[in-house]
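Have a look at the structure below, then the notes.
The values are calculated or read from the model by the stated rules, or taken from the named source; none is laboratory data. These numbers come from a predicted model, not from an experiment. In this analysis, Cβ positions are derived from the backbone assuming ideal geometry, glycine residues included, and neighbour counts consider all displayed protein chains. To get the accessible areas, we keep the full protein, side chains included, count just its heavy atoms, and leave off ligands, DNA and RNA. Shrake-Rupley method; radii C 1.70, N 1.55, O 1.52, S 1.80 Å.
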Amino acid sequence: MAHQSTYEPKTAFTRWMDSRLPVIRMAYDNLLDFPTPRNLNYMWTFGGILAFCLFVQIVTGIVLAMHYAADTSVAFDSIEHLMRNVNYGWLIRYTHAVGASMFFFAVYLHIFRGLYYGSYKPPREILWILGVLIFLAMMATAFMGYSLVWGQMSFWAVTVITNLFSSLDSVVSGLGTGIVQWIWGGFAVNDATLNRLFSLHYLLPFVIAGLVGLHIWALHVTGNNNPTGVPLRDPKTEALPFHPYFTAKDGFAIAVFGLIFAYFVFYMPNYLGHADNYVEANPLQTPPHIVPEWYFLPFYAILRAIPSKLGGVIAMFGAIVVLFFIPWLDTARERSTRYRPIYKYFFWLLVVTCLALGYLGAKPPEGGYLVAGRIFTAYYFIHFLIVMPVIGIIETPKSRPQSIADSILGGGNSSQPAVAAAEKR
Amino acid sequence: MASTTDDPVTRRDFIHVAATAFAGVGAAAMLWPLVDQMNPDATALSLASIEVDLSPIDTGQAITVMWRGKPIFIRNRTPEEVEAAKAVQMDELKDPVARILGETVQEPATDEALTKSGYEQWLVAVGICTHLGCIPKGQRIGDERGPFGGWFCPCHGSAYDTAGRIRLGPAPTNLEVPPYEFLSDTRIRIG
Ligand code: HEM
Ligand code: FES
């Protein structure tokens, strides 16, 4: 439901602007007046929270870049200098480092929200795909940012992850090594590598910002999904303008999120990091355990679950690629998992699987951990490739409210009194 | 010029196609420098060779030197280690090919192929695990060397034998041997 503009410029200046560059109209239509379903729950506040996170990362990042030196001989020291000597340097850096974790925490909840309520189903496929692209770009950005610290974990994470491409040697001899040396600009991770990672770490957040713009554009063409999955029919009774209703709600959610964020920044800034990254990079000594940041652990577990080098790399990238196809893998008639009596168990099984993979990613890949890692990796793919298409076909959805209005106001279709009552708040 | 009235392909169409193609080729040609600038540069390539004095390394000891930004393991193997490496049959190996850098013909990974004749006690290999690039343990006395007595990679558990051949774990290939030669009995040049 593309939304008709209701903006009316009131002053001479806004009228003059409106016929030249209608940015005020655009902001009004998209940020103030946009009709938003009244029944959204708090899982819908993560979009605003994510925008807040991106803003925080860009602002703190630009400040960090004023003090950071991308040169292997001084990179590590420049960060220690920032932490100890620059006014509030510690605050800026901890906010940026914790901010990356908070960003991923929010994006994971946002993604699972989409999975639960079927927000990827038509007509929101492009919206979903843009989201997966943002997720990919975030992972690349965070990986590159972590390398800039030039601690032991930075160095060895870059070494191990860039070496993944060398697995292509088993497809075309020399291809993988060629790509890895091209990425490095040398025969090992070196100064040239650090510089290009810095350049790209600075660039990618702005690419993300552009993708976010497209994501919101796509959102405002199709309109929000909502917990019932029922399309918005009558904006007058079923929707409210974004401002002040959802700006206030999102603002409240951002404030709560900000409290948790601040708790980490001020009381446990290094809790989510790894102590080895306070040791300067040493190309001659590998730390005993190389562990990525927590938000990469599920993918790391998938990588290590497969006994072949190339196979592990394919599975790891496949775990993200499969997300692009979800709109076509899910055959269900119903959007929202609320009305899917069988699928709902599988949804929670997927959540458990992802948490378990995250736990296993931090454990050494041996014995029971390895077996468990393989089982959960298998389920991860089975969920998307088999459970989604099959359950969608065999499952009979529960009856659901005929409209958003029914679901909020409890009125309407008498054939579904139970559901309507349950939906009443 | 042919008449343009009945011929649907006009002179202007031709100019359009030619101009666009020309601009396309130009853009593609500019792409290559942008890609190639990322490859190892002249200074990286110029660090191509180093000389190493072997005289301080006693039997059973090993040192690590840097060549092209990579650690190179040089081990003065004990006679037992050499014997153990020679006794291995090719069909026991996970990777039966000698990974000698710059070598185009593939030879079986016998101990003879991996060392220089007359200097069998010296093993020279790139000290980078062929799995995902960690530095295997085993250079220092007291390091864990894994079940085959060579090197052991702590990252994902790859074990190499005393000739640097992969015997167990996820690494797909043997440790690489850099190009090197003996200048005298106690001096080598790598690269
Ligand atoms: C999508 C947004 C971003 C994410 C997810 C992100 C993530 C990260 C991470 C995980 C680190 C390592 C933190 C640590 O352990 O200390 C880091 C460091 C860094 N980032 Fe970002 N970043 C983002 C945006 C930016 C931007 C826009 C800039 C510059 C304009 C920037 C500049 C830096 C610098 C200079 C460092 C090294 C200093 C340090 O480690 O604290 N970042 N980034
Ligand atoms: S890097 Fe050595 S086993 Fe993985």
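Return yes or no: is B:Thr104 more than 13 Å from ligand 2 (Cβ to nearest atom), open to solvent by 40 Å² or more (accessible area, probe 1.4 Å) and over 28 Å from A:Leu370 (Cα atoms)?
Criteria met by B:Thr104.
Take residues that are more than 10 Å from ligand 2 (Cβ to nearest atom) and either farther than 18 Å from B:Asp58 by Cα or within 14 Å of chain A (Cβ to nearest Cβ) (or both) and tell me which of the strands (runs of 3 or more DSSP E) falling wholly in region B:114-171 contain 1 or more.
Per the criteria, B:122-126, B:158-161, B:166-168.
Residue-by-condition table, conditions (1) open to solvent by less than 20 Å² (accessible area, probe 1.4 Å); (2) touching a Gly at 6+ places or on another chain (Cβ under 8 Å):
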| site | (1), (2) |
| --- | --- |
| A:Tyr120 | yes, yes |
| A:Val132 | yes, no |
| A:Ser147 | yes, no |
| A:Val171 | no, no |
| A:Gly185 | yes, no |
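Conditions (1) farther than 18 Å from A:Tyr202 by Cα; (2) more than 16 Å from ligand 2 (Cβ to nearest atom); (3) surrounded by 22 or more Cβ atoms within 10 Å (Cβ to Cβ); (4) not assigned by TED's automatic domain parsing to the domain that holds A:His215, marked per residue:
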site: A:Ala65; (1), (2), (3), (4): no, yes, no, no
site: A:Ala69; (1), (2), (3), (4): no, yes, no, no
site: A:Asp77; (1), (2), (3), (4): yes, yes, no, no
site: A:His81; (1), (2), (3), (4): yes, yes, no, no
site: A:Val86; (1), (2), (3), (4): yes, yes, no, no
site: A:Trp90; (1), (2), (3), (4): yes, yes, no, no
site: A:Val98; (1), (2), (3), (4): no, yes, yes, no
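Mind checking which residues of region A:353-370 are among the aliphatic types (A, V, I, L, M) and within 26 Å of A:Phe112 (Cβ to Cβ)?
Scanning region A:353-370 gives A:Leu355, A:Ala356, A:Leu357, A:Leu360, A:Ala362.
Could you check A:Ala157 against (1) within 12 Å of chain B (Cβ to nearest Cβ); (2) surrounded by fewer than 21 Cβ atoms within 10 Å (Cβ to Cβ) and say which number it fails?
Of everything listed in (1) within 12 Å of chain B (Cβ to nearest Cβ); (2) surrounded by fewer than 21 Cβ atoms within 10 Å (Cβ to Cβ), A:Ala157 misses just condition (2).
Filter region A:273-290 down to residues that are at pLDDT 95 or above, open to solvent by less than 50 Å² (accessible area, probe 1.4 Å) and away from every other protein chain (no Cβ under 14 Å), then give me how many there are.
1
Just to be sure before I move on: is B:Gly157 on the phi > 0 side of the Ramachandran plot, out of contact with any strand residue (DSSP E or B) (no Cβ under 7 Å at 6 or more places or on another chain) and away from ligand 1 (no atom under 16 Å from the Cβ) in the structure I sent?
Judged against the criteria, B:Gly157 is a match.
With A:Tyr117, A:Tyr88, A:Tyr108 as the choices, which residue is of a type in the set (Ser, Thr, Tyr) and under 30 Å from A:Leu409 (Cβ atoms)?
A:Tyr117
With the condition kept exactly as written, say whether any residue in region A:191-214 is over 30 Å from A:Leu127 (Cβ atoms) and within 16 Å of ligand 2 (Cβ to nearest atom).
Within region A:191-214 (the criterion being over 30 Å from A:Leu127 (Cβ atoms) and within 16 Å of ligand 2 (Cβ to nearest atom)), the answer is no, since none of the residues qualifies.
Taking the condition of being open to solvent by 30 Å² or more (accessible area, probe 1.4 Å) and within 13 Å of ligand 1 (Cβ to nearest atom), how many residues in region A:33-63 meet it?
Number satisfying all stated conditions: 7.
Residues in region A:335-346: is at least one part of a loop (DSSP other than H, G, I, E, B), in contact with a helix residue (DSSP H, G or I) (Cβ under 8 Å, 6 or more places away or on another chain), surrounded by fewer than 20 Cβ atoms within 10 Å (Cβ to Cβ) and among the small types (Gly, Ala, Ser)?
no
Give the residues of region A:298-319 that are outside any loop (DSSP other than H, G, I, E, B) and within 13 Å of chain B (Cβ to nearest Cβ), sorted by residue number.
The answer is A:Tyr300, A:Ala301, A:Leu303, A:Arg304, A:Ala305, A:Lys309, A:Leu310, A:Gly311, A:Gly312, A:Val313, A:Met316.
I'm trying to understand the selection: among the residues of region B:172-187, which are more than 14 Å from every other protein chain (Cβ to nearest Cβ) and surrounded by fewer than 20 Cβ atoms within 10 Å (Cβ to Cβ)?
Of everything in region B:172-187, those that are more than 14 Å from every other protein chain (Cβ to nearest Cβ) and surrounded by fewer than 20 Cβ atoms within 10 Å (Cβ to Cβ) turn out to be B:Glu181, B:Phe182, B:Leu183, B:Ser184, B:Asp185, B:Thr186, B:Arg187.
Taking region B:47-83, which residues are within 14 Å of another protein chain (Cβ to nearest Cβ), open to solvent by 30 Å² or more (accessible area, probe 1.4 Å) and within 18 Å of B:Glu144 (Cα to Cα)?
Selection gives B:Ile63, B:Thr64.
Can you tell which of B:Val25, B:Val17, B:Val88 is more than 14 Å from every other protein chain (Cβ to nearest Cβ), farther than 30 Å from A:Phe155 by Cα, of a type outside the set (Lys, Arg) and in contact (Cβ under 8 Å) with a residue 60 or more places away in the chain?
After applying the criteria, what remains is B:Val88.
Answer yes if at least one residue in region A:183-191 is over 30 Å from B:Arg99 (Cα atoms) and without any contact (Cβ under 8 Å) to a residue 12 or more places away in the chain, and no otherwise.
No, there is no match, as no residue in region A:183-191 is over 30 Å from B:Arg99 (Cα atoms) and without any contact (Cβ under 8 Å) to a residue 12 or more places away in the chain.
Given the conditions (1) within 27 Å of A:Gly114 (Cβ to Cβ); (2) within 15 Å of ligand 1 (Cβ to nearest atom); (3) open to solvent by 30 Å² or more (accessible area, probe 1.4 Å), and given that A:Phe198 satisfies all but one, which numbered condition is not satisfied?
(1)
Residue under question is A:Lys236, and the condition is that it be open to solvent by 50 Å² or more (accessible area, probe 1.4 Å) and away from chain B (no Cβ under 14 Å); does it hold?
Yes.
Quick one: which of B:Arg189, B:Arg145, B:Arg165 is under 30 Å from A:Ser154 (Cβ atoms) and either under 18 Å from the mean Cα position of the chain (by Cα) or away from ligand 1 (no atom under 16 Å from the Cβ) (or both)?
Result of the check over B:Arg189, B:Arg145, B:Arg165: B:Arg145.
Which residues, taken from region B:124-142, are open to solvent by 10 Å² or more (accessible area, probe 1.4 Å) and over 16 Å from the mean Cα position of the chain (by Cα)?
Passing the criteria: B:Lys137, B:Gln139, B:Arg140, B:Ile141, B:Gly142.
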